[in-house]
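Worksheet for the structure shown next.
The values are calculated or read from the model by the stated rules, or taken from the named source; none is laboratory data. Predicted model, so just to flag it, every value in this text is computed and none were measured. Cβ atoms come from the backbone with ideal geometry, glycine included; neighbour counts cover every protein chain shown.
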Amino acid sequence: MLFLEMVNKLKKSYEIAISDFDNQTLIFDVVLLTSGQVDWFSNTLYIGSLSQINFPLELPIAILSPDCDDFENMLSLGSCWGILKSESLNEIYYMAKEILYENLKSQAISFQVAQAVLESKNIVSLMNKVAALIGNALILVDSNMKVLAYSTIYEIMDPLWLENIKQGHYSYDFIKKVKFNSEMQSWSKTGEDNKTITLNGDIQPKLVSRITKNGHLVGGLIMIAHHTPIRSIHTTQLPQIAKLLYEFLCISTENEIYKSVYSSAIAHILSEDSENVSHDLLILNKSDFSSGMKVVIARFIVHTKNRFLKRSIGLEFERIFQKGYSFQYKNYIGILVPEISSDQRHALSELAMLESINIGISWLFFDILDLKKYFHQSVASIKQAQLLRKTNQVLDYTDYAFYHLLNQIWGQASLNTFCHPALIILKDYDKNNSADFYRTLETFLSANKNLKDTAEILNLHRNSLTYRITRIRDLTSLDLNDNNTVFSLMYSFRLVHYLEASEIFNL
């Protein structure tokens, strides 16, 4: 191992100051300086007092000493040194020997893992070979929370991981525990390769290593400490082992695990460069999609960078829509579905409330090449609902298409000029007379002019409602039997909601 690697490990327990230099000296052995004869070698780390050295030395050495701060003038060119702030030379020596031993053992195991990768024909046998080498059970997962492979030679005792393996993906109970785990929350803010994660109720400690590809998280390797406790050698080895196992699985399946043909097609269509999409790819998948489709997307009400939370929403979408094709695009988690049943809509409503998200649903469409247009319908539903202060809801584009239209012409005309003047008359009358004619008219029209339904919504006697409608007609001269008048009033009410939400309209 490198001299600087050794010193950095020792510095976790002892205070050591080293000079500011770039030295790539490799350490193959550690020697404690005594009064006896010393054999000097360039790749040996010497620990002890400089009084043991017979100057001058003709070769560069590596040394840690407590009694000198003038190494540069005393040692040969190319030497590397550190000043110890402790007199515990024996303790430092034995720790350095242990660090070197663990490093050499780690290299040997890594070599054996690489050999096993070359010799193995399937992922199961490979996982078992590697698990035997490091002395613990292993589970390989992808970024979509799916269990890709696991070893079988060591017992896995935790019920949650047993359920994950049985299902082939993370269970909902497991996701909830991970989401509120302090180690996981802190890990998202750091760049560590490994993290020891212990969930509430866990029987066995876990060391988790991230797997990245081109800067993106694609999976993870979980080592379950049962046969062997977690040691420093594991934190060194696991990231390397994780990459080897993942690459083996990708090659053996002739594709990257975290991508499917469908999600690849969806990503191409939604990309900004969709004009250059391979038509062969799209035509290949076009027949595989349902004849009728809707885009369902979710977005967190409060922006989050936590990738785990986003993947958990995608997993829930897959649970609700087992025939759907999930995807993630920009800050939206989505799924392409053939239909939405009442039970599925209810499940979406519960998910929206539980996870503090808004869920947008597009109109039905029939050509996968039109996906981008209908994806933006779902996006518009969420954006317009947020503008209207609506949260934790399932949002159909039908209810927000009009607001989407207004947003497209915003700035081209003063929208309040399109509001029917009767609304201003009723607002003024209500303000001056403590009446409620404005809300009465809006509710009456929304209930398709049904007196019984309107009276129930407003908690009014039917005669009182009839009186109000008569007074509204007298005040505004409205002909509520005229379809065009009713249409103008209905879109005017929506205009008012839109403008009030935008804080630029004040009736």
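Numbers below:
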| read-out | value |
| --- | --- |
| Wholly within segment 157-251, strands (runs of 3 or more DSSP E) carrying at least 1 residues that are at pLDDT below 85 | 206-213, 216-224 |
| Which listed residue is touching an Asp or Glu at 6+ places or on another chain (Cβ under 7 Å), in the same structural domain as I139 (by TED's automatic domain parsing) and among the β-branched types (V, I, T), from I197, I211 | I197 |
| Among residues of segment 120-169, those that are acidic (D, E) and under 17 Å from Y246 (Cβ atoms), counted | 1 |
| Filter result (in contact with a helix residue (DSSP H, G or I) (Cβ under 7 Å, 6 or more places away or on another chain), in a loop (DSSP other than H, G, I, E, B) and either closer than 16 Å to L423 by Cα or among the aromatic types (F, W, Y) (or both)) within segment 435-492 | A435, D436, L478, D479, L480 |
| Residue check, L148 touching a helix residue (DSSP H, G or I) at 6+ places or on another chain (Cβ under 7 Å) and not assigned by TED's automatic domain parsing to the domain that holds F317 | yes |
| The one condition in (1) closer than 30 Å to R473 by Cα; (2) free of Cβ contacts under 8 Å to residues at least 12 places away in the same chain that D370 fails to fulfil | (1) |
| Selection count where residues are of a type in the set (S, T, Y) and in contact with a helix residue (DSSP H, G or I) (Cβ under 8 Å, 6 or more places away or on another chain), scope segment 334-373 | 1 |
| Every residue from segment 35-69 that is over 21 Å from Q24 (Cα atoms), assigned to a loop (DSSP other than H, G, I, E, B) and either charged (D, E, K, R) or modelled with pLDDT under 75 (or both) | S35, G36, Q37, V38, D39, I53, N54, F55, P56, D67, C68, D69 |
| Tally, over segment 339-387, of residues that are part of a strand (DSSP E or B) and surrounded by fewer than 19 Cβ atoms within 10 Å (Cβ to Cβ) | 1 |
| When residues of segment 159-218 are limited to those that are over 27 Å from V124 (Cα atoms) and basic (K, R), the one surrounded by the fewest Cβ atoms within 10 Å (Cβ to Cβ) | K189 |
| Of residues in segment 419-436 being among the hydrophobic types (A, V, I, L, M, F, W, C) and under 19 Å from D482 (Cβ atoms), the one surrounded by the most Cβ atoms within 10 Å (Cβ to Cβ) | L426 |
